[in-house]
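Student: Handing you a structure now.
The values are calculated or read from the model by the stated rules, or taken from the named source; none is laboratory data. Computed from a predicted structure; not experimentally measured. FYI the Cβ positions are ideal-geometry reconstructions off the backbone, even for glycines, and counts take in every protein chain you see.
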Amino acid sequence: MKQMAIVLAAGQGKRMKSKLYKVMHAVCGKPMVEHVVEAVQAAACDRTVVIVGHGAEAVQTHLGGKVEYVMQEQQLGTGHAVMQARELLGQEDGVTVVVCGDTPLVKPETITAMLELHKSSGAAATVLTASFDQPAGYGRVIRAEDGTVQCIVEDKDCTPEQAAVREINTGTYCFDNRKLFAALEQVTNDNAQGEYYLTDIIGIFKQSGDVVQGYCTTDLAEAIGVNDRVALAEAERLMRNRINHEHLLAGVSIIDPANTYIENNVQIGSDTIIYPGSIIRRGTIIGEACIIGPQADIANSTIGDRATVKYSTVNESVIGEESTVGPYANLRPGSVLGRHCKIGDFVELKNAVLDDGSKVSHLSYVGDARVGKEVNIGCGVVTVNYDGFNKALTEIGDHAFVGSNVNLVAPIKIGDGAYVVAGSTVTKDVPAGDMAIARERQVNKAGYAEKIKSKAKAKKNNSSPKN
Ligand code: UD1
Ligand code: CA
């Protein structure tokens, strides 16, 4: 049987008080609508149609070609939104999953289980429900005596008895596709909000003798619909718990899960320990037995086994096995460390490739550089890579030693095993094995210290105002 999905993502989301389109707000680093699309696609829906509204280019740009789009010019309600897909899907036989783009925690396995119940029971519609202690804001699911669903009543249209019902509509459903589009023809906007409610078709089915099932999830997180920032923060917390829980079960130690922020699409090897305050963003792959944090902020990077990253920022970079980064280092895009490298405190790297065993231990900037093996870059070294217009490359050969407080004015090559003396400003290439010294020679003036001090003292006494 053909399986299709419709994702409702055209609503403005006024209550978010945001210039950003509601379903593009991220939960654990991923826009809500993308969570939902991934869930329906993982639940084996062959076609996914996303209903978008004005200002929804962002959704189309973000999701690209993996779904089809239909424009809902005016947002007249969820029923009206689904109706917009009639031209694309109306003639299909099969089952259609409808999901709201603002329910980011709905799980593929739940959609699959709901589809199973739907198909085996021969229902015209199956509603994903949940039981909330505080159901306010959600549509209430009214059951008939035989346990099937009688109707769904929106919060604003509830009688006091209906408002007391705790079973809510999560906004996820399966429908017989043909019956869905036929029933939508009968939906009116005669209700408290003057909208065409998708939920009204449940009552329409029931009246025409069709069966409507309810599938109640016990994972309340799945049911959360994000209408404002309070719910967004709650969705973030619930998603974070879910992600952290999976990593914990997979053998990752997280010292304080409530204060560890791991986004979706992150891989972490077993026996890695993550200390509090760390943010690990999407696209990051961390090996086994690493030490991450406290307060590591890592994005879209790859970290080898047994590496350490403490109090540091790592963005679009690669850290080889057993290398250490931090505390207080900043690895900007294109930083690539081999194995056993050391990047110490207050070091910034950018587009810098360091081969195995090289060290930049303190207070340096290494940008646009190719650094060989076992190179020592001393404290305060700066690659002078920018003349205000162009970026230039610094190349440093294997086993070279660059002393403290050296400026390497790029483009420049320091040969294998070369030695650059501390304090030098190097403007010419240094051949392999040579020593470079590029600084003023020192002059010592015998006994001059006292003389210069008394001169300075006299100057102070003559000029400083009394206080
Ligand atoms: C909806 C349900 C409610 C359910 C809740 C679950 C209806 C009438 N009510 O209420 O029973 O408990 O979800 O979270 O369906 N949208 C459009 N076009 C529109 C209107 C809405 O695409 O014209 C989209 C929104 O972008 C959103 C989704 O549909 O993603 C739900 O709309 P929303 O206004 O948030 O509905 P709720 O009031 O939360
Ligand atoms: Ca909603």
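Student: Looking only at the stretch 54-72, how many residues end up being at pLDDT below 95 and more than 25 Å from Lys107 (Cα to Cα)?
Tutor: The qualifying residues number 3.
Student: Taking the stated definitions as given, is Gly77 out of contact with any strand residue (DSSP E or B) (no Cβ under 8 Å at 6 or more places or on another chain), within 21 Å of Ile168 (Cβ to Cβ) and not basic (Lys, Arg)?
Tutor: yes
Student: How about the stretch 152-191: which of its residues are of a type in the set (Phe, Trp, Tyr) and in a strand (DSSP E or B)?
Tutor: If the condition is that a residue be of a type in the set (Phe, Trp, Tyr) and in a strand (DSSP E or B), then Tyr173, Phe175 are the ones that fit.
Student: Is it true that Val99 is within 16 Å of ligand 2 (Cβ to nearest atom), within 34 Å of the chain's Cα centre (by Cα) and hydrophobic (A, V, I, L, M, F, W, C)?
Tutor: Against the criterion (within 16 Å of ligand 2 (Cβ to nearest atom), within 34 Å of the chain's Cα centre (by Cα) and hydrophobic (A, V, I, L, M, F, W, C)), Val99 qualifies.
Student: Does Lys445 fit the bill of being surrounded by fewer than 13 Cβ atoms within 10 Å (Cβ to Cβ) and part of a helix (DSSP H, G or I)?
Tutor: Against the criterion (surrounded by fewer than 13 Cβ atoms within 10 Å (Cβ to Cβ) and part of a helix (DSSP H, G or I)), Lys445 does not qualify.
Student: Another question about this same structure. For the stretch 243-280, which residues satisfy the criterion of being in a strand (DSSP E or B) and over 25 Å from Ala39 (Cα atoms)?
Tutor: Selection gives Ser253, Ile254, Ile273, Ile274.
Student: Does the stretch 169-180 include one or more residues that are among the β-branched types (Val, Ile, Thr), closer than 28 Å to Thr112 by Cβ and within 13 Å of ligand 1 (Cβ to nearest atom)?
Tutor: Checking the stretch 169-180: at least one residue is among the β-branched types (Val, Ile, Thr), closer than 28 Å to Thr112 by Cβ and within 13 Å of ligand 1 (Cβ to nearest atom).
Student: State all residues of the stretch 200-242 that are within 15 Å of ligand 2 (Cβ to nearest atom), in a helix (DSSP H, G or I) and surrounded by 20 or more Cβ atoms within 10 Å (Cβ to Cβ); if no residue qualifies, say none.
Tutor: Listed by number, the residues that qualify are Glu222, Ala223, Leu232, Ala235.
Student: Continuing with this model, one more query. Across the stretch 327-369, what is the total count of residues that are hydroxyl-bearing (Ser, Thr, Tyr) and surrounded by fewer than 19 Cβ atoms within 10 Å (Cβ to Cβ)?
Tutor: 2
Student: Among the residues of the stretch 78-88, is any at pLDDT 95 or above, in the same structural domain as Tyr196 (by TED's automatic domain parsing), part of a loop (DSSP other than H, G, I, E, B) and away from ligand 1 (no atom under 13 Å from the Cβ)?
Tutor: No.
Student: Taking only the stretch 370-413 into account, find how many residues are of a type in the set (A, V, I, L, M, F, W, C), out of contact with any Ser or Thr (no Cβ under 8 Å at 6 or more places or on another chain) and buried (at least 20 other Cβ atoms within 10 Å of the Cβ).
Tutor: 3
Student: Let me ask something additional. Residue check: is Glu167 crowded, with 16+ Cβ neighbours inside 10 Å and more than 23 Å from Glu222 (Cβ to Cβ)?
Tutor: Here the answer is no, as Glu167 does not meet what is asked.
Student: Taking only the stretch 1-35 into account, find how many residues are surrounded by fewer than 19 Cβ atoms within 10 Å (Cβ to Cβ), more than 15 Å from ligand 1 (Cβ to nearest atom) and in contact (Cβ under 8 Å) with a residue 24 or more places away in the chain.
Tutor: Of the residues in the stretch 1-35, 3 are surrounded by fewer than 19 Cβ atoms within 10 Å (Cβ to Cβ), more than 15 Å from ligand 1 (Cβ to nearest atom) and in contact (Cβ under 8 Å) with a residue 24 or more places away in the chain.
Student: Just give me the residues in the stretch 36-62 being part of a helix (DSSP H, G or I) and crowded, with 22+ Cβ neighbours inside 10 Å, in sequence order.
Tutor: Of everything in the stretch 36-62, those that are part of a helix (DSSP H, G or I) and crowded, with 22+ Cβ neighbours inside 10 Å turn out to be Val36, Val37, Ala39, Val40, Val59.
Student: Got at least one residue in the stretch 122-133 being surrounded by fewer than 17 Cβ atoms within 10 Å (Cβ to Cβ), under 21 Å from Phe181 (Cα atoms) and more than 10 Å from ligand 1 (Cβ to nearest atom)?
Tutor: Within the stretch 122-133, one or more residues are surrounded by fewer than 17 Cβ atoms within 10 Å (Cβ to Cβ), under 21 Å from Phe181 (Cα atoms) and more than 10 Å from ligand 1 (Cβ to nearest atom).
Student: Against the conditions (1) within 16 Å of ligand 2 (Cβ to nearest atom); (2) more than 15 Å from the chain's Cα centre (by Cα); (3) closer than 19 Å to Thr112 by Cβ, where does Gln72 fall short? Just the number, please.
Tutor: Answer for Gln72: the failing condition is (3).
Student: Kindly establish whether Arg47 is in contact (Cβ under 8 Å) with a residue 24 or more places away in the chain and away from ligand 1 (no atom under 14 Å from the Cβ).
Tutor: For Arg47, the condition - in contact (Cβ under 8 Å) with a residue 24 or more places away in the chain and away from ligand 1 (no atom under 14 Å from the Cβ) - is met.
Student: Quick check on this structure: which one of Asp157, Asp133 is more than 23 Å from Gln207 (Cα to Cα), acidic (Asp, Glu), free of Cβ contacts under 8 Å to residues at least 40 places away in the same chain and away from ligand 2 (no atom under 15 Å from the Cβ)?
Tutor: That would be Asp133, the only listed residue that is more than 23 Å from Gln207 (Cα to Cα), acidic (Asp, Glu), free of Cβ contacts under 8 Å to residues at least 40 places away in the same chain and away from ligand 2 (no atom under 15 Å from the Cβ).
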